[in-house]
Amino acid sequence: MSMKVEEAIEWIHSRLPFGSRPGLERVVALLERVDEPQKKVPTIHVAGTNGKGSTVTYLRCLLEEAGLNVGTFTSPYIEAFNERLAVDGQGIADAELIHYVEKYRPLVEEMDKEEAISGITEFETLTAMAFEFFLDKKVDVAIIEVGLGGLMDSTNVVEPMLTAITTIGMDHTDILGETIEEIAFQKAGIIKEKIPVVTGKIEKEALAVIDAQAKKMSAPVYHFDEAYTVKYLHFDKEWGEVFSFTGENGKIEKLKTPLLGQHQTENAGVAIELFYVYCQLTGQPFQARTIRQGLLKAQWPARMEKINDEPMIVLDGAHNDHAVQRLADNLKKEFKGRTIHILFSSLSTKNVDQMIQLLKRVPNVHLYLTTFDYPRAVELSTLEKYADKKTEIVSLWQFGLGEILEKMGSEDMLLVTGSLYFVSQVRELLLTIGGSNEKI
């Protein structure tokens, strides 16, 4: 009798204890056992410290608007596990996920008997499944989001037609390196010989490393502010941002993204340039109408996502100090005059101190620090030292959330931020209890 989807997901999660283990030997061994589907699917490979997820979403929407069937492999999930493997924005069906687990489980068990390739991780297993899923679905193109770094990430088995590096920041320093140059080297590991690479807004020290690798691989580079430019115009009163894009084809004025934050216009710019290069490679027409309409369809849960108007409740998975800096800048610029209540939690592996200090500097802020149910969640004992007049420690975030909502005024705003795992838990509760019945 076939397993249930809960059992299938539970088996995938059973590989979690093997952690994150850089290296390609295990995923290569698994892919060889299923006839190397990664070599048969046209792919676009996207790396970066922040901005990967929204860039992938924008690009998917542009490609779909052009009439293509698009696969996406992303992480982590926000609403349902199935969304990690998706075609045209629809997560893999339960029956399909069960099919792949039933196929892959005996292969993984067989590999576990060989010391050199034993202990394949959850992410590596999902990577292999994703390629076969996209091949079976006959997608026109699959957009593959790097899990961690690039060079030694399991997704780096792809033979892409196009690559992108969105941003470079200090994150996962225990694995990727302790300098911006070392981290850039890991991200630049996705650059393949003679395959074009689009870069986002990246500081010059990191960009120099990327350019050196591109030169070594004879890969054409399309730089932000050189091959293409993004001019931020203004906040859109209906929620989102307005900007113009200039590339080889000229200027497209007054584009709108429904995702909030100036950095989202930069992520959209990377996606538009990727779409442009894709069109050059495939002969697909590059039209302003496709760009305009495609961007409007972009939705990305927990990225400055407004889920309620009165009171205003916004969710944003700013999960490292690079992302929190951008979040703080957006709050200062676009929510002036509002009292902002921030419910924050993080993974203990992040630079928690820096993130908290950045949030404390936001004007009119009341900060609530908490923990949540996750193996690597920050512990309350490490947060107690931050308590002061404007910073409270909340032992149970569910109760803290209720208390914040009770004390909020009509012009106040609640922002839930930090780890995406934390934000997704809060999001699920808010939507379940009717904090929002409609997406705005």
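Would you call ARG60 in the same structural domain as GLU273 (by the TED database), open to solvent by 20 Å² or more (accessible area, probe 1.4 Å) and within 24 Å of LYS187 (Cα to Cα)? Taking the combined requirement at face value, the residue satisfies it. So, in segment 63-108, of the ones that are assigned to a strand (DSSP E or B) and of a type in the set (Val, Ile, Thr), which residue ends up most open to solvent (accessible area, probe 1.4 Å)? The extreme case among them is VAL87. Here LEU358 passes the criteria (1) under 14 Å from THR417 (Cα atoms); (2) part of a strand (DSSP E or B) except the one numbered (2). Screening segment 109-119 for residues that are out of contact with any Asp or Glu (no Cβ under 8 Å at 6 or more places or on another chain) and part of a loop (DSSP other than H, G, I, E, B) and picking the one that is most open to solvent (accessible area, probe 1.4 Å) gives LYS113. If you go through segment 124-152 and keep only what is out of contact with any helix residue (DSSP H, G or I) (no Cβ under 6 Å at 6 or more places or on another chain) and open to solvent by 10 Å² or more (accessible area, probe 1.4 Å), you end up with ASP136, LYS137, LYS138, VAL139, ASP140, LEU148, MET152.
Considering segment 33-59, the residues that are hydroxyl-bearing (Ser, Thr, Tyr) and assigned to a helix (DSSP H, G or I) include one that is modelled with the lowest pLDDT, namely SER54. Between MET413, MET312, MET408, the distinction of being touching a Lys or Arg at 6+ places or on another chain (Cβ under 6 Å), of a type outside the set (Asp, Glu) and more than 27 Å from LYS201 (Cα to Cα) belongs to MET413 only.
Of everything in segment 305-350 that's part of a helix (DSSP H, G or I) and in contact with a strand residue (DSSP E or B) (Cβ under 7 Å, 6 or more places away or on another chain), which residue is surrounded by the fewest Cβ atoms within 10 Å (Cβ to Cβ)? Among them, the one singled out is GLU334. Taking residues in segment 1-27 that are modelled with pLDDT under 95, and partners anywhere that are outside any helix (DSSP H, G or I) and of a type outside the set (Asp, Glu), the pairs with Cβ atoms closer than 6 Å and at least 6 places apart or on different chains are ARG15/THR121; PHE18/GLY119; PHE18/THR121; SER20/LEU148; ARG21/THR121; PRO22/MET152; GLY23/MET152. Answer with yes or no whether TYR374 is among the hydroxyl-bearing types (Ser, Thr, Tyr) and either touching an Asp or Glu at 6+ places or on another chain (Cβ under 8 Å) or open to solvent by less than 30 Å² (accessible area, probe 1.4 Å) (or both). Judged against the criteria, TYR374 is not a match. Of all residue pairs spaced 6 or more apart or on separate chains, those with beta-carbon atoms under 7 Å, a first member in segment 356-382 that is within 13 Å of TRP397 (Cβ to Cβ) and a second member that is of a type outside the set (D, E, K, R) and open to solvent by 40 Å² or more (accessible area, probe 1.4 Å) are LEU369/ILE393; THR371/LEU380; PHE372/GLN425; TYR374/TYR421; ALA377/SER348; VAL378/SER348; LEU380/ILE393; LEU380/SER395. Across segment 15-36, not a single residue is classified as touching a strand residue (DSSP E or B) at 6+ places or on another chain (Cβ under 7 Å) and in the same structural domain as GLU178 (by the TED database).
The values are calculated or read from the model by the stated rules, or taken from the named source; none is laboratory data. Remember, it's a predicted structure, so these values are computed and weren't measured experimentally. Don't worry about glycine lacking a Cβ; one is built from the backbone with ideal geometry, like all the others, and counts go over all protein chains shown. All accessible areas refer to the heavy atoms of the entire protein, side chains included, with ligands and DNA or RNA removed. Shrake-Rupley method; radii C 1.70, N 1.55, O 1.52, S 1.80 Å.
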